[in-house]
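One structure is given below, encoded as structure tokens.
What follows is calculated from the coordinates using simple rules that are stated; it is not laboratory data. Because the structure is a prediction, the values reported are computed rather than measured. Glycine gets a Cβ as well: all are built from the backbone with ideal geometry, and neighbour counts include every protein chain shown.
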Amino acid sequence: MDAINDFILTAASSPWMLLVMFAVAAIDAVFPPVPSETVLVAGAAAAMASGDVAIVPALCLVAALGAALGDNLAYALGRKLGSRRFAWMERPKVAAAFAHARTALNRNGAALIIGARYIPVGRVAVNMSAGALGYPWRRFLPVSIVAGITWAAYGAAIGLIAGSWVKDQPLVAAVLGVVIAMIVGIAVDRLAAHRRRRAERSALPVLSPPAEPALSSTAADS
């Protein structure tokens, strides 16, 4: 256990950690299976547990820059490719996310872009939809920067909280932080799905019952 903790401490304080954080944050914005949240939360938790929190601001900075770069790359891909070029885009959940994004971008694009940053598949769908649907880049760029900053601060905060609970055990702190982040992520994803279903139901047309045939005067008299 001590050897593992020492390895985590060395990795968390290494300059290579910042490069890895930047890379995974940028790639994750286009390819969701890359675990950028895991790297961010685990790095911050390990730093806090070891008492070496000096690297956390730099970790947040590179994570935010990588996230903003990746989100703008997804936007550019959406502008270039559209939202139906690849087979995975036709999967029901992904297609539903695109459909919801198309509607919501017209109503409140900034809030949607920032909120989607916390949902791995959701941010890809929203950012690509923004590009494919011609959402103005001069509006998208500053919003994506704000989204990256808030996302990085959120991930680091979870890591710092977990690290403060488990002192001198960076491995346990990193695992605890990742578990907390997963629970929060699942809750956010479920909430977003619930709101999407409510929006879809409210958009359904209301069918009026068929009108009853009018009675003829003869039938009415009888």
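Data table
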{"quantity": "Residues with amide H under 5 Å from that of V30, placed H, sequence gap 5 or more", "calculated": "none"}
{"quantity": "Coil-residue trypsin sites (Lys or Arg not before Pro) of region 45-127, DSSP, other Cβ within 10 Å capped at 16", "calculated": "R84, R85"}
{"quantity": "DSSP-assigned coil residues among chymotrypsin sites (Phe, Trp or Tyr not before Pro) in region 50-155, each with at most 14 further Cβ atoms within 10 Å", "calculated": "F86"}
{"quantity": "Percent of Cα-Cα distances greater than 14 Å, calculated over region 55-128", "calculated": "63 percent"}
{"quantity": "Highest average packing first - 59-69, 21-31, Cβ atoms within 10 Å", "calculated": "59-69, 21-31"}
{"quantity": "Table column - 3J(HN,Hα) (Hz), region 153-161, Karplus curve with 6.51, -1.76, 1.60, x for Gly and Pro", "calculated": "5, 4, x, 5, 4, 4, x, 5, 5"}
